[in-house]
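Contents: one structure, followed by commentary.
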Amino acid sequence: MAPRHFLTLKDLTTEEFKQLISRAIELKKMQREGVIYEPLKNRVLAMIFEKSSTRTRVSFESGMAQFGGHALFLSPRDTQLGRGEPIEDSAKVISSMVDAVMIRTFEHDKVEVFAQNSSVPVINALTDDFHPCQLLADMQTYEEHRGSIEGKKVVWVGDGNNMCHSYINAAAILNFHLVVACPTGYEPNAELVTANKAFVTITNDAKAAVKDSDLVVTDVFASMGQEEEQAQREKDFDGFQVNEELMSLAHDDALFMHCLPAHRGEEVTAGVIDHPDSVVWDEAENRLHAQKALLEFLICK
Ligand code: CP
Ligand code: NVA
């Protein structure tokens, strides 16, 4: 039987997404209570990182250890992947020895090609186009603080990037309305927006967008791989900083999220990120619990 992959959120049904959130909340409680639960004893997760990471690596590696399994960190610097071994060949070989593979890379089609040639589940741990694992954690965090996100107004402020794309998918699956406030030229992928047009609105007016919102989310101006565009982007994103004035336009109980790492003083002020309405630390911790739910779902089922 073909393995179940997690390359974008669209690999999940609404029911499955909601179940993963509930399971993540349960697993978090078990972890807090010190319950030993090792459903992945003797199982191995290969983790291929072609970009840097703190949260993703620590959460997957710790999650596998807590589940009684093991995680292997593979970097292109010291594997044959970095010396040009074809992805198809690497996928066949690596998947023959492990129980799941997690990949963080540049081009999204690399994870698709890997998955097509893998005999075990493949997890997208961020590509230039999507970051679905982060959305599992974000949606868990919203649910823990405010209950169901269905019907809520979520505002994405900033670049129409990989995180924004995953928010678009989440809006369609969990049925919330997403307003993307971005500078001209930094809109999310047009095909993705069209395919999900019932759930997404695009605007250049950040203030109007944030008005009466329930959740405000942002991310860095320049993502990994775009470092040389930083200076230009700082100019282009003028007016798209999430600051106290912008947050004051949202609902009184609106939350603030950022996948981190953040640049205080650029896309967000220190005052917003360190404010009680900011749930960024829960959001980061929930990477662990949400991905444990995902690993259990993909490997044990
Ligand atoms: N949010 C996130 O994916 O963080 P890392 O880049 O540190 O893994
Ligand atoms: N958009 C950011 C997210 C980092 C977790 C990036 O791709 O660098």
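Before moving on, here are some points about what is shown:
- Of all residues making up region 76-94, the number that are under 15 Å from V113 (Cα atoms) and either outside any loop (DSSP other than H, G, I, E, B) or not assigned by the TED database to the domain that holds E50 (or both): 9
- Segments classed as helices (runs of 4 or more DSSP H), wholly inside region 202-277, with at least 2 members that are within 16 Å of ligand 2 (Cβ to nearest atom): 230-236
- Checking E143, E187 one by one, the residue that is more than 28 Å from E285 (Cβ to Cβ) and in contact (Cβ under 8 Å) with a residue 12 or more places away in the chain is E187 and no other.
- Subset of region 27-67 that is assigned to a loop (DSSP other than H, G, I, E, B) and among the basic types (K, R) - its residue that is surrounded by the most Cβ atoms within 10 Å (Cβ to Cβ): R43
- Tally, over region 152-192, of residues that are in a helix (DSSP H, G or I) and more than 24 Å from Q140 (Cα to Cα): 2
- Test: A270 is in the same structural domain as A208 (by the TED database), crowded, with 19+ Cβ neighbours inside 10 Å and away from ligand 1 (no atom under 16 Å from the Cβ): no
- Residue match in region 280-301 (condition: in contact with a strand residue (DSSP E or B) (Cβ under 8 Å, 6 or more places away or on another chain), away from ligand 2 (no atom under 16 Å from the Cβ), under 17 Å from G147 (Cα atoms) and modelled with pLDDT of 95 or more): no
- Pairs with Cβ under 8 Å, 6+ apart, first in region 190-208 and closer than 18 Å to L9 by Cα, second among the polar types (S, T, N, Q): L192/N169; N196/N169; F199/N175
The values are calculated or read from the model by the stated rules, or taken from the named source; none is laboratory data. Nothing here was measured: the structure is a model prediction, and the numbers come from that model. Please note: Cβ atoms are built from the backbone with ideal geometry, for glycine as well, and neighbour counts cover all protein chains shown.
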